[in-house]
Amino acid sequence: MGLIMKKTILSYFKASAKDWRDWHWQFRNRVTHLETLENLLGKTDFNKVKSETVTSVYPMAITPYYLSLIQSNDINDPVHAQCVPDPREIYHSGKVAEDPLEEDSHMPVPRLVHRYADRCLAMVTETCATYCRHCNRKRFWSQSNKLNLKTRIHSMINYLNASPQIREVIISGGDPLTFDDKTLEKLLASLKAIPHIEILRIGSRIPVVMPMRITKELCLILKRYRPLWFNTQFNHPNEITTESARACQMLLEAGIPVSNQSVLLKGVNDSAPVMKNLLYGLQKISVRPYYLFHCDPAKGCTHFRTDPQAGVIMMEKIWKQSSGLALPQYVLDVPGRAGKIPLNVLSKAIKNDLKKNKHFFDKFK
């Protein structure tokens with residue numbers, strides 16, 4: 001579909017090319033109703049009644065830009081799978097936990113997750129430009145911004161001021177770049193004013209789902225609060241476009257390092273050729289492949305989960321063929337302070353290579 005889909009969307013919304021490049025227009029015109037989705041995609045292959053049941057629990061929102069990346073209107077399309085509601089989100093969930101990482105039990109104040117001594121995660125909003133169907137925090141979608149932002153940030157700042165061991169704050173959500181520039185700068189300034197906060201990190205999928213949000217003005221703001229690191233999430237080569245590459249390049253030119261945290265998703269990127277193309281594509285746009293997360297056992301996401309051993313075998317093929325600059329760490333995030341466990345320890349090939357070369361160690365068992 002691609003360019004044809006873009007033209008269809010512009011025609012449907014009676015919009016111009018200038019509108020398309022405006023992130024405010026993209027955000028205002030997110031597709032949030034199944035009727036609109038059907039009008040844009042044509043005949044769909046999902047059960048509308050069941051899909052309405054899904055959206056009553058887990059809302060839908062897709063930017064026109066991200067919708068235009070769908071190349072075929074079925075669940076096997078990698079972009080379609082990540083943004084279009086699927087009945088399996090509720091009918092295959094069973095007794096799976098809504099909060100598998102037990103983040104809620106590590107919140108000293110609302111929406112501030114403090115799992116590790118020296119850093120914390122601030123969920124500053126529940127709103128995203130596009131709601132990813134594999135999100136491990138989708139339990140918050142229907143609670144969108146019930147907490148007043150001023151009250152939320154005030155309690156976070158108070159806690160951070162009283163916690164000198166914290167040196168790094170990860171600003172996430174939801175997606176913090178759904179805020180306007182003025183609001184975002186106030187947030188960054190309030191965090192940077194805390195003497196012991198040395199590092200700020202933004203977690204955002206905006207370069208992937210709404211790259212026009214990365215503007216010169218935004219980059220100037222972010223540049224003022226360096227050292228600031230930017231983590232995004234490309235999951236498939238089809239998401240690496242001229243627009244997304246340009247957004248990442250603007251961040252890099254502002255001195256903001258950009259890293260990628262993919263999620264291993266069944267039917268999306270769980271084959272060696274697709275994953276290799278994704279990693280090479282990221283390397284070509286100077287985005288560092290940082291983590292590949294094994295999909296969390298979160299309610300509403302189980303149909304995306306793969307066998308970890310299969311993931312290890314897939315990554316073994318890539319480890320042996322690829323430059324270290326193109327390789328992420330394949331990890332399983334677990335509750336508590338154990339954190340991200342590298343899954344390459346399961347690799348028989350790595351264990352065998354270590355044994356064959358044990359003379360490189362003073363002691364080896």
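The values are calculated or read from the model by the stated rules, or taken from the named source; none is laboratory data. These numbers were taken from a predicted model, which means no experiment stands behind them. Cβ sites come from the backbone with ideal geometry, for glycine too, and all protein chains shown count toward neighbours. Surface accessibility is based on the protein's heavy atoms, side chains included, excluding ligands, DNA and RNA. Shrake-Rupley method; radii C 1.70, N 1.55, O 1.52, S 1.80 Å.
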Charge sum, other residues only, whose C-beta stays under 15 Å from SER347's C-beta, Lys/Arg counted +1 and Asp/Glu -1 = +3
Coarse-grained scattering of the chain at q = 0.06, 0.12, 0.14 Å⁻¹, given as base-10 log I(q)/I(0) from a Debye sum over alpha-carbon atoms = -0.23, -0.94, -1.30
Express the accessible area of segment 1-132 per residue in Å², computed with a 1.4 Å probe while the remaining protein chains stay in the model.
-> 45
Go through LYS276/LYS299; LYS95/LYS340; LYS192/LYS216; LYS50/LYS216 and tell me which ones have a Cα-Cα distance over 32 Å in this structure.
-> LYS50/LYS216
With both partners inside the chain, how many of the DSSP beta bridges are antiparallel, as a percent to the nearest 5?
-> 25
Calculated from DSSP helices alone, with each H run of at least 4 adding -39500 (n - 2.57) and the total divided by the residues of the chain, [θ]222 nm to the nearest 500 comes to -10500 deg cm²/dmol
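Pairs of Cα atoms under 8 Å, at least six residues apart: use those to get the relative contact order of segment 51-146, whole percent.
Numbers: 101 pairs, mean separation 32.0, N = 96.
Relative contact order here is 33 percent.
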Any residue on another chain or 5+ positions along whose placed amide H is under 5 Å from the amide H of VAL263 is listed here as PHE293
